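Structure record follows, encoded as structure tokens.
Only the coordinates and a few stated rules stand behind these numbers; no lab work does. Bear in mind that the values here come from a model prediction, so they are computed numbers and not experimental data. Every residue, glycine among them, receives a Cβ derived from its backbone with ideal geometry; neighbour counts consider all protein chains shown.
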Amino acid sequence: MPADKPEVVLLGPPKPVIVRGLEAACTLYKAAEAKDRDAFIAEHAQVRAIACSDTAYKIPGELMARFPKLQIVASFGVGYDHMDAKWAAAHNIILTNTAGVLTEEVADTSLGLLLCTVREFPQAERYLRAGKWTERAYPLSKASLRDRTVGMVGMGAIGQAIARRLDAMKVPVVYHTRKKRGELPYRHYPSLLDMARDVDVLLVIVPGGAATAKMIDAKVLEALGLDGILINMARGSVVDEPALIKALKDRRIMAAGLDVFANEPDVPAELMAMDNVVLWPHVGSGSVHTREKMDQLVVDNILAWAAGKPPLTPVPETLFTSWGA
């Protein structure tokens, strides 16, 4: 690396932690301040590093190709389906995410969404605020966690953190992944359909992308059954949203709790109108504490690159060997 400050392009909103951290050690160019995006990219095409502060900012191969010397894209967020990892790997570009620092927060949120959906807590609060409690007590919730088994769709770090919480609550846990995790004490289902038939709750916590697109489809929902509850903490793309809407309308499943949607922030009117759905605006890791830690990890990955050190949290597809020339 040259002795002077390395140059970095920032894509997405100029979040304070990221801006302060990078400006202290780098020359930072903020795309958000550019009037002409194409002209901005052309002006800074020789930079070797990109920081991305928001997963809403898409980084396809065509964009990375416009930076011919690019070595690293350090992005905010644990999910990285907004970046073309296959293209990056083929062109020796390291992609990093902010895995690890949000695990416990998302696990906490997942439990909150599960409890709210099963026990109808948001509906009960709306009932109270509408003044209906003075007329009669809120009806008993149709569901409880006391007689349910949770089937985890995905069992990475966040899935395991959720499972630990369910263990403490004495709620049985099983899981579906492509490969069995031999070190885990839970029953593994090679077949998602088989697990859906055997459980009462599906809690989805897998990465987005082509490999998981619409894996929760009409067949899975049918297998989950009339008393089934779906909780999606993954990506909206993982669930076939029209199939879910139909299953809920037809009461083919009991309820759903959704923190993510297919076309965020647009939520289908059919879901908004349903009384057996809990809807949250993608708040999985949404605390000041955790988001600042995620922002700092974006900075730390860039600073590691600037010092010629290995990235802290590279995504699996882009394995690090060296930074090259």
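With θ taken as phi - 60° and the Karplus curve 6.51 cos²θ - 1.76 cosθ + 1.60 applied, the whole-hertz 3J(HN,Hα) list for segment 47-62 is 5, 9, 9, 10, 10, 10, 9, 7, 5, 6, 8, 7, 10, x, x, 4 Hz, x standing for glycine and proline. Close amide H partners of ILE59, meaning residues 5 or more places away or on another chain with modelled amide H under 5 Å apart, are MET83, ASP84. When DSSP beta bridges are restricted to pairs lying wholly in the chain, around 5% turn out antiparallel. 3J(HN,Hα) along segment 152-166, derived from phi through the Karplus expression 6.51 cos²θ - 1.76 cosθ + 1.60 where θ = phi - 60°, amounts to 7, 9, x, 9, x, 4, 5, x, 5, 5, 5, 4, 4, 5, 5 Hz, with x in place of Gly and Pro. From most to least packed by mean Cβ count within 10 Å, the peptides 93-102, 258-267, 22-31 give 93-102, 22-31, 258-267. Close amide H partners of VAL278, meaning residues 5 or more places away or on another chain with modelled amide H under 5 Å apart, are ALA256, GLY257, LEU258. Using the Karplus relation 6.51 cos²θ - 1.76 cosθ + 1.60 with θ = phi - 60°, the per-residue 3J(HN,Hα) values for segment 180-185 come to 5, 9, x, 7, 8, x Hz, with x marking Gly and Pro. In this simple spin-label model, placing a label point 7 Å from the Cα along the Cα-to-Cβ direction at both GLU62 and ASN263 gives a separation of 2.0 nm. Charge dipole (Cα centre; +1 on Lys/Arg Cβ, -1 on Asp/Glu Cβ; no other charges) of the chain amounts to roughly 600 debye.
Subtracting the Cα-Cα distance of ALA34 and LEU226 from their residue separation scaled by 0.36 nm leaves 63.9 nm. Annotation note: trypsin sites (Lys or Arg not before Pro) in segment 66-143 located in DSSP loop regions with a Cβ neighbour count of at most 10 within 10 Å are ARG136. Centre-to-centre separation between the Cα atoms of segment 87-140 and those of segment 58-73: 34 Å. Ranking of GLU222, GLU183 by neighbouring Cβ atoms within 10 Å, starting from the fewest: GLU183, GLU222. I need the shape label for segment 8-142. Rule: rounded when a/c is under 1.5, else prolate if a/b > b/c, else oblate, with a, b, c from the alpha carbon gyration tensor. Note, shape of segment 8-142 comes out prolate.
Here the Gaussian network model covers the chain, with springs between Cα atoms less than 10 Å apart; of GLY286, GLY308, GLY77, GLY308 fluctuates the most.
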